[in-house]
Amino acid sequence: MLFINGLSVLLLYQLMGEVTVRWLGLPVPGPVLAMIMLFISLVIKGSTPSALQSSANTILSHLSLLFIPAGVGIMVHFERLQNEWLPISIAVLLSTVITLVFSATVMLLMNKMFNLSKKPTEDMPLNKSLDQLQKELIEKESDHG
Amino acid sequence: MMHWQAALSGIWQSPYLGLLLTLMSFQAGLVLFKRSGSKPWLHPVLVSAASLCAIILLTDLSYERYFESANFLNQILGPVIVALAIPLYENINLLKRYWFAFVVSNVVGGGVTIFMAVAIVYLGQGSDVSVNTMWTKSITTAIAIDLAPGIGGVAALAAALVMFTGVFGAMIAPSLLRLFRINHAAAQGTALGVCAHAVGTARALEMGSVQGAFAALSMCFMALLCALLLPFMLS
């Protein structure tokens, strides 16, 4: 029953998203707008209702199953891949390697800059370093055994 | 007297055949994935989609008939995208504290990966459809296939590109991060989420809970950013 209640909520939000997108003529996909609406509702409410939690857990844990039919659709585009496999593969391989290192480095740098400009104190939780967060989380985890 | 042939053709003609084959091949893929010690290149979606392609090519089951039957899975992607709001909300405390470093590395990192991929395909004389689809390369599949047709791309190609990117990213991330001595949990997680979305998030969860949380957050954030910006930029 919980699962069905949660699913109804998700579908209701999707409907609201789709209707709003059409109504305002937005180019954004309806489900994405619905996701933002749900996120804002949760922030306002302050907690996740257990019904929503249970259906979300169930459908998100089997997320990758849903991509298969779309993935099989690639066989309709075999010819395109045959003609363009070289630029496509180079694009994917190169951009993935560079961005992995690049975005990790940016995150590290941003963190260092924060620490140089402002000393983290208890009054400024927003500027606490990521290292501290990591330690806190590890401590928290070990507290729970 | 038994009617073997009638029974067999009954199975073959069933409207549920495509759905059943998808579920079974996915389960077989999951078993294979676990037995192999979670090798990213044996990702269940890859194994399952490849074996379904083989079945469709080798038998008289047509792609149209398969898709009609398995379309149900495609249709429930909508509520699944809506459900992504929940993990995003659950991690809101991490986001509140580190929003600045997080947002900057997502926007800059995501921008670099997408523009670079699009530029390479464009310069390599790829077709317009491939160039347009390339924009969706680093967003999680659910949103990529929803977005691709609206910006002049193709959903199936988007699904394949996203999968390829995710599997490759998850495969090389550990050794690449070691090579560049990035041993910061939050940075590792963010990088995996930006580049390799859902597959990367699964990999990040294996590295630790902080990595997992940041990867999930990056995945949702990137998807949201692209879904909001790309349609305005390209249509």
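Here are a few things to note about the model shown:
- Filtered residues of region B:121-140 (kept if crowded, with 22+ Cβ neighbours inside 10 Å and without any contact (Cβ under 8 Å) to a residue 24 or more places away in the chain): B:V121, B:G126, B:V131
- B:N74 vs. criteria closer than 30 Å to B:Y16 by Cβ and part of a helix (DSSP H, G or I): yes
- The lone criterion from (1) within 7 Å of chain B (Cβ to nearest Cβ); (2) more than 30 Å from B:L61 (Cα to Cα); (3) of a type outside the set (D, E, K, R) left unmet by A:M1 is number (1).
- Selected residue [under 20 Å from B:N71 (Cβ atoms), surrounded by 22 or more Cβ atoms within 10 Å (Cβ to Cβ) and of a type in the set (A, V, I, L, M, F, W, C)] from B:A148, B:A117: B:A148
- Selection within region B:39-54: residues that are away from chain A (no Cβ under 12 Å) and in contact (Cβ under 8 Å) with a residue 24 or more places away in the chain. The member of this set that is surrounded by the most Cβ atoms within 10 Å (Cβ to Cβ) is B:P40.
- Test for A:K119: is it at pLDDT below 80 and assigned to a helix (DSSP H, G or I): no
- Verdict on B:I143 being out of contact with any strand residue (DSSP E or B) (no Cβ under 7 Å at 6 or more places or on another chain) and surrounded by 22 or more Cβ atoms within 10 Å (Cβ to Cβ): yes
- Test: residue in region A:83-100 that is surrounded by fewer than 20 Cβ atoms within 10 Å (Cβ to Cβ) and touching a residue at least 24 places away in the same chain (Cβ under 8 Å): no
- Condition check for A:G6: more than 7 Å from chain B (Cβ to nearest Cβ) and touching an Asp or Glu at 6+ places or on another chain (Cβ under 7 Å): no
- Of the residues making up region B:211-221, those that are more than 9 Å from chain A (Cβ to nearest Cβ) and out of contact with any Ser or Thr (no Cβ under 6 Å at 6 or more places or on another chain) number 4.
- Region A:72-98: number of residues that are among the hydroxyl-bearing types (S, T, Y) and more than 7 Å from chain B (Cβ to nearest Cβ): 1
- Residues that are within 7 Å of chain A (Cβ to nearest Cβ), closer than 26 Å to A:L26 by Cα and part of a loop (DSSP other than H, G, I, E, B), drawn from region B:108-151: B:K137
- Of all the numbered requirements in (1) basic (K, R); (2) surrounded by 14 or more Cβ atoms within 10 Å (Cβ to Cβ); (3) more than 23 Å from B:L57 (Cα to Cα), A:R80 misses one, and that requirement is (3).
- Residue, farthest from the other protein chains (Cβ to nearest Cβ), within region B:172-210, restricted to residues that are under 18 Å from B:N91 (Cβ atoms) and assigned to a loop (DSSP other than H, G, I, E, B): B:G208
So that you can scan it fast, the table gives a plain yes or no per residue for (1) more than 11 Å from every other protein chain (Cβ to nearest Cβ); (2) in contact with a Gly (Cβ under 8 Å, 6 or more places away or on another chain):
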| site | (1), (2) |
| --- | --- |
| B:T22 | no, no |
| B:Q27 | no, no |
| B:G37 | yes, no |
| B:I56 | no, no |
| B:R65 | yes, yes |
| B:L77 | no, no |
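The values are calculated or read from the model by the stated rules, or taken from the named source; none is laboratory data. Predicted model only: the values in this text are computed from it and were never measured. When we count neighbours, we look across all protein chains shown, and the Cβ atoms used for this are built from the backbone with ideal geometry, even at glycine.
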